[in-house]
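These notes concern the structure reproduced below.
The values are calculated or read from the model by the stated rules, or taken from the named source; none is laboratory data. Because the structure is predicted, anything quoted here is derived from the model rather than measured. Note that each Cβ is placed from the backbone with ideal geometry, even for glycine, and that neighbours are counted across all protein chains shown. Each accessible area value is taken on the protein alone, full model and side chains, heavy atoms only, with ligands, DNA and RNA left out. Shrake-Rupley method; radii C 1.70, N 1.55, O 1.52, S 1.80 Å.
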Amino acid sequence: MTPDELKALVRTIPDFPKTGIQFRDITTLLGHGPGFAASVEWLAEAVEGAEAIAGMEARGFIFGAAVAARLRRPFLPIRKAGKLPCAVIGVDYELEYGLDRLEMDPSAVAQGQQVAIVDDLLATGGTALAATELLRLAGAEVRRAAFVIDLPDLGGSAKLASQAVDVRTLMGFEGD
């Protein structure tokens, strides 16, 4: 399937979660078997050569784990605070309306391991930047990230690029 055909499978919900926001809902893409498979294949090609794939909770688990399985690479879950039963390292980061935290098991990464980040959507880049910082803190080298959707007007891609991360996106939606 072409990127335009895949983009047509993403449902737009106006004014969610608040007025003025155009929510890009991937549920319809996930529910279309050939579209989901094509998206995973595209993401896998975008991060080919990575030694491991990381995905952020929650939707990054869907695409990241599928890409890791496709490439036969380890999947590294980047979790929300308090979800892991082992010793963790964490990074606090800013959201539009406050702070959040990402955590991971530092033993999941080998020193110098090439890890690519995979997620569904790149907006302001806060979560992806925090995941990059966290993975690097654990000893990983993060040089690539792939996303199904980019909202380029929100600047996340440029922020990741400023941290020496090569960003690939399957589709973009302007004006969000």
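Some points to look at:
- Scan the stretch 156-173 for residues that are under 14 Å from A130 (Cα atoms), outside any helix (DSSP H, G or I) and touching a residue at least 24 places away in the same chain (Cβ under 8 Å) and the total you get is 2.
- For the stretch 88-104, a residue qualifies if it is modelled with pLDDT of 95 or more and open to solvent by 50 Å² or more (accessible area, probe 1.4 Å), and the qualifying residues are V88, D92, R101.
- Matching residues, the stretch 134-155, being outside any strand (DSSP E or B) and within 14 Å of the chain's Cα centre (by Cα): L134, L135, L151
- Being surrounded by 12 or more Cβ atoms within 10 Å (Cβ to Cβ) and in contact (Cβ under 8 Å) with a residue 60 or more places away in the chain holds for only one residue in R59, R79, R73, and it is R59.
- Options A69, A128, A65; residue that is under 22 Å from I26 (Cα atoms), more than 15 Å from the chain's Cα centre (by Cα) and part of a helix (DSSP H, G or I): A69
- Any hit, the stretch 82-105, residues being closer than 24 Å to T169 by Cβ and within 11 Å of the chain's Cα centre (by Cα): no
- Scope the stretch 27-39; condition surrounded by fewer than 22 Cβ atoms within 10 Å (Cβ to Cβ), among the aliphatic types (A, V, I, L, M) and touching a helix residue (DSSP H, G or I) at 6+ places or on another chain (Cβ under 7 Å); matching residues: L30, A38
- Count of residues meeting criterion [open to solvent by 10 Å² or more (accessible area, probe 1.4 Å), more than 20 Å from L95 (Cα to Cα) and among the β-branched types (V, I, T)] in the stretch 109-150: 1
- In the set R72, R101, only one residue is of a type outside the set (D, E) and at negative phi; that residue is R101.
- Pairs with Cβ under 9 Å, 6+ apart, first in the stretch 90-101 and under 15 Å from L134 (Cα atoms), second among the aromatic types (F, W, Y) and surrounded by 15 or more Cβ atoms within 10 Å (Cβ to Cβ): D100/Y93; R101/Y93
- Test: residue in the stretch 46-55 that is under 20 Å from R168 (Cβ atoms), open to solvent by 30 Å² or more (accessible area, probe 1.4 Å) and not in a loop (DSSP other than H, G, I, E, B): no
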